[in-house]
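To start, the structure itself, in structure tokens.
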Amino acid sequence: MGSSVETLEFQAETRQLLRLVIHSIYSNKDIFLRELISNASDALDKLRLESLTDSDLDADTSDLHIELEVDREARTLTVRDNGIGMTRDELVELIGTIAKSGTAGLLEKIKESKDAAAAQSLIGQFGVGFYSAFMVADRVTLLTRRAGTESGTRWESDGEGTYQLEPVDGLPVGTSVILHLKPVDGEDGLADYLSAWKIRQIVKQYSDFIRWPIRMARERTGATAQVTGTDTDADGAGATDGAEAAAPEMDTLNSMKALWARPRSEVTEAEYHEFYRQISRDWLDPAETVHMRAEGNFEYEALLFIPSQAPLDLFSREAKGGVQLYVKRVFIMDDCEALMPNYLRFVKGVVDAHDLSLNISREILQHDRQIQAVRRRLVKKVLGAVKTMQAKDAERYRKLWSQFGRVLKEGLVEDADNTETLLELVSAPSTHDPEATTTLREYVGRMKEGQDTIYYLTGETRSVVENSPHMEAFAAKGYEVLILTDPIDEVWVEQVPAFDGHRLQSIAKGQVDLDGASGDEQEADGEKARREQDFAALLPWLGEALSEQVKQVRLSSRLTTSAACIVGDAHDMTPTLEKMYRAMGQQVPPVRRILEINPAHPLITGLRAAHAADADDPALAEIAELVYGGTGDVACPAQHSRTGRHRPRHAGC
């Protein structure tokens, strides 16, 4: 060992970073071990790569690994690797400064933060890395020797502004980071990091899929520990306790089974299903698996699963969506919303990016262009998998849609880029079949000759919709109508104007011309004109009598048996949507609708005759109220009366 000990000062920005890491209230101090293991893994990767490119490098790569060592008496935790190691100059460059970490600019933002919470949120935006050790340690000792060199270096600091460097002979190739741990302090988030179960927990959570084995000596108790134990000196090197000492039994703490990093051809369905159950806590097998790899400017692997059954909290406000994010097999965060849109929140899985910082924040992810590009590709892959299922296995697709169709339709409101794909996937009940659902593509294939419109009606239940007076003419003339009963249906049909060139139209809104739709023009224009002339006096009078309830009264072409019905203008908000907004506490102005009357119904023809005989008869106003009170509307089925008899009107409609 040389006698030259240097004392150097950290770069100014590094001192600021150290103070923030040590003295800020960090939300999760456990990440220090994740960071040190990740650094060790990088060192192993570098040694393996350099040994392949430099044939003269004298390095043993037969058993590359990471070792964790606990010394309870000395209160030290050592993270050791046999990777590439560092020279004295590399230590100064990589640990004494932050010139290459890209964090100096963000330190200015931290200085400008007015409170500790703001500063804390910024810490997660840059690589804490090696400095995170000072969150849990009063003093850190580092022993390292670079592959291809003869001498090593000892680095030590208490994180208060200076560090010591000293040359050391006889060190093995690699790096040992020895943490002299602070006392356990639950209030400050300092756990017992000498506890084997705590170490195993951290490794399992953050580093389970690191490609290199992470080993730790199995705990010994009683006399066994006295006979076979080993001591650790101040430099972290193991000293054998005489000839009686035996090598401790080592446990490998991580599984190293990163399925997403293996070719799909090498992974069995059983392995996929086991991994899915592990990350989703679902006892059922997934309905579909999506395994993909992207190479180029931004490399990543993804392994995604579509569950076969919707979780109970799918529509809960507290439910978390998104997939797990890893960086080089190191766990970063659960439920990464930036990688998956809200309408695909049921998708489970992992995305492993190669070129992100380990401590990248959710805020940065949401605005990162590369992450947005990854998100777009993941969405297309998931929707493509569902579309393939629809084409190749209709029964399995119907089961999937029954579980997730309602949430997938949210994408028609949120995701304009994938509207066409989502419309192809939409499956809904219709009047074509009392049990089976239909896709829009199947509906179009069954449209009548000359029909260019897709008709639909929204409502609370299928029974309510089927018994609506708006259905009468469509049923009589054999037109298929989609029955949309999900709350989201009230929204997406207003935002999607057409499918495959065919306009979507509610049969409860606007004008409906079924004769024109079918090309049937048998009814003479003279007949229409005659009816309009017959009711020319009644319509304006009826509109005036009901002016507080409706904005217009007109003859209907959609009624066959009911006396009247309420319809909206083409762009009016539906009554059901009004109720939804009010239930959410939003104030919406009341919408006056249109009263359509059936010119062939006895009640209407009788009212017309009575009005023609004596327009001033006060009893006519009561009959007008009777007509309006008997109207049917899918938003309020209690109003409906196919016989035209009076039923009490509900104030909410």
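Full-extension gain between Asp513 and Leu194, please, as 0.36 nm times their residue separation minus the C-alpha to C-alpha distance.
106.9 nm
Can you put Arg377, Arg317 in order of accessible area, largest first, using a 1.4 Å probe?
Arg317, Arg377
Holding the Cα-Cα limit at 19 Å, pick out from Lys204/Lys328; Lys477/Lys551; Lys29/Lys204; Lys257/Lys328 the pairs that are longer than that.
Distance filter (> 19 Å) returns Lys477/Lys551.
Would you mind getting me the FRET efficiency between Ser308 and Ala570? Use the beta-carbon distance for r and R0 = 45 Å, nearest 0.05.
Working: r = 41 Å, r/R0 = 0.90.
Once rounded, the FRET efficiency stands at 0.65.
Within the stretch 144-179, list the residues whose amide N lies under 17 Å from a label point set 7 Å along Cα→Cβ of Asp54.
Hits in the stretch 144-179 for Asp54 at 17 Å: 144-153, 172-175.
Place the peptides 131-138, 385-392, 83-90, 308-315 in order of packing, highest mean first, counting for every residue the other Cβ atoms within 10 Å and averaging per peptide.
Details: 131-138: 23.1, 385-392: 15.9, 83-90: 20.5, 308-315: 14.1.
For the peptides 131-138, 385-392, 83-90, 308-315, the packing ranking is 131-138, 83-90, 385-392, 308-315.
In what sequence, highest mean first, do 248-256, 465-473 appear when ranked by Cβ atoms within 10 angstrom?
Numbers: 248-256: 15.6, 465-473: 22.6.
Going by the mean number of other Cβ atoms within 10 Å, highest first, we get 465-473, 248-256.
How much length is gained on full extension from Glu414 to Arg376, taking 0.36 nm per residue of separation minus their Cα-Cα distance? The partial results should precede the final answer.
Numbers: separation 38, 0.36 × 38 = 13.68 nm, distance 1.32 nm.
That works out to 12.4 nm of additional length.
Need the full-extension length gain, Thr149 to Val444, defined as separation in residues times 0.36 nm minus the C-alpha distance. One decimal, nm.
Values: separation 295, 0.36 × 295 = 106.20 nm, distance 7.46 nm.
Gain on stretching Thr149 to Val444: 98.7 nm.
Let me cross-check Glu625: its accessible surface, 1.4 Å probe, with only protein heavy atoms counted, in Å² to the nearest 10?
Probe radius 1.4 Å; accessible area of Glu625 about 70 Å².
Give me the one-decimal nm value for the distance between modelled label points at Asp355 and Glu166, 7 Å along each residue's Cα-to-Cβ direction.
Placing both labels 7 Å along Cα→Cβ, they lie 4.3 nm apart.
Please list, in order along the stretch 437-452, the HN-Hα scalar couplings obtained from phi with the Karplus expression 6.51 cos²θ - 1.76 cosθ + 1.60 (θ = phi - 60°), rounded to whole Hz, x for Gly and Pro.
8, 9, 8, 5, 5, 5, 4, 4, x, 9, 5, 5, 4, x, 7, 10
So what's the gap between the Cα centers of the stretch 154-187 and the stretch 450-477, to the nearest angstrom?
76
Within the stretch 348-446, list the chymotrypsin sites (Phe, Trp or Tyr not before Pro) lying in a DSSP loop whose Cβ has at most 10 other Cβ atoms in a 10 Å radius.
Filter output for the stretch 348-446: empty list.
How much solvent-accessible surface does Tyr326 expose, in Å² to the nearest 10, with a 1.4 Å probe and all protein chains in place?
Surface accessible to solvent at Tyr326 totals approximately 10 Å².
Scale the Cα Rg of the stretch 352-477 by the rule-of-thumb value 2.2 N^0.38 Å and send over the ratio, two decimals. Mind showing how you got there, number by number?
On the way: Rg = 19.5 Å, N = 126, 2.2 N^0.38 = 13.8 Å.
Cα-based Rg divided by the globular estimate yields 1.41.
For His571, His432, His291, give the ranking by accessible area with the largest first, probe 1.4 Å.
His571, His432, His291
The values are calculated or read from the model by the stated rules, or taken from the named source; none is laboratory data. What you see is a predicted model; the values in this text were computed from it and never measured. All Cβ positions, even for glycine, are placed from backbone atoms using ideal geometry, and neighbour counts span all protein chains on display. Side chains included, ligands, DNA and RNA excluded: accessible areas come from the protein's heavy atoms. Shrake-Rupley method; radii C 1.70, N 1.55, O 1.52, S 1.80 Å.
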